[in-house]
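Have a look at the structure below, then the notes.
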């Protein structure tokens, strides 16, 4: 199946084709959804020596979201292509790391199968990586870890506030009761006929819109719950689209105004619940991670909130906000130091039920 992939290839340190001598490294693999990615990270310096990601956005855009079976087939083509470029590093690899939870089962299995094969053939340890912990470690790519932290994780599948005390101790303080932030952006973009992925499209349209035109509800506004819920807001957007005659009848200004109004309601919801956490938690360092953390409108809102509560805001570089193997590799560095390995025959994906129960951190 021919595929037109979008490719992002930052490479540092070692030029491909040169033999990397006297450098010990970890190879990391990410395939939890629709991004095929492999990275090589030097253990001693924490430098990312090689990183490549092949996105499937173009292939899934016509469906308005990720089709798991299609994503799996594309991973089966893309991952070997990337791996072939990393062969000069094989002699110096000390471990292989791979995302094994949470994510789409059929796509996780593509990365896991490759990691198991590499670990067995090269006779090196295998490191399983929780995808959400990988996002937290995106903050520390080519840096030392900094704990404790309060972390807001906003991605396509999760919306959570996590207290991160150490590598071993991470506690979920608040989580989503239904749709995640990223998922809501995608679904609302689809309602307006904007395409996929919805987050960047809505953010760009919102710049030209009036965020006060549509009075959308702020979820759980009067609830004492410290939790997130976006299904009601998403339904409110659907009702506005229907009132305006559907996506085909909406003007560009209608879409811009609705995008801005939706984004404003999401911001107010996130800030309201974050304030409740901030009031209880003395930790002074706060971070935003995950694909939706690239949204500059939300970043700016949290900069102001952190100033109000005298906290320091940390964010990952924009190129490492979405799913990538570099963050998996950075987590693997700390796991390697603690010898947190698994037998290649024992690694497996975690059931969807356990993922959704929030029991993994």
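The values are calculated or read from the model by the stated rules, or taken from the named source; none is laboratory data. All values reported here derive from a predicted model rather than from experimental measurement. All Cβ positions, glycine included, derive from the backbone under ideal geometry; neighbour counts span all protein chains shown.
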Lone qualifier among 281, 308, 303, 346 - being touching a strand residue (DSSP E or B) at 6+ places or on another chain (Cβ under 7 Å) and free of Cβ contacts under 8 Å to residues at least 40 places away in the same chain: 303
Out of 256, 247, 206, 260, sole residue that is more than 25 Å from the chain's Cα centre (by Cα), touching a residue at least 24 places away in the same chain (Cβ under 8 Å), farther than 19 Å from residue 316 by Cα and crowded, with 22+ Cβ neighbours inside 10 Å: 256
Filter result (more than 30 Å from residue 159 (Cα to Cα) and either within 23 Å of the chain's Cα centre (by Cα) or surrounded by 19 or more Cβ atoms within 10 Å (Cβ to Cβ) (or both)) within the stretch 94-115: 95
The listed residue being assigned by TED's automatic domain parsing to the domain that holds residue 348 and at positive phi, out of 116, 123: 123
Hits in the stretch 121-153 (condition: out of contact with any strand residue (DSSP E or B) (no Cβ under 8 Å at 6 or more places or on another chain) and part of a loop (DSSP other than H, G, I, E, B)): 123, 143, 144, 145
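Matching residues to (1) modelled with pLDDT of 95 or more; (2) under 21 Å from residue 180 (Cα atoms):
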| site | (1), (2) |
| --- | --- |
| 262 | yes, yes |
| 268 | yes, yes |
| 277 | yes, yes |
| 285 | yes, no |
| 291 | no, yes |
| 306 | yes, no |
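Can you find, within the stretch 145-188, the residue that is surrounded by the fewest Cβ atoms within 10 Å (Cβ to Cβ) among those that are without any contact (Cβ under 8 Å) to a residue 24 or more places away in the chain and farther than 18 Å from residue 311 by Cβ?
Of everything passing the filter in the stretch 145-188, 168 is surrounded by the fewest Cβ atoms within 10 Å (Cβ to Cβ).
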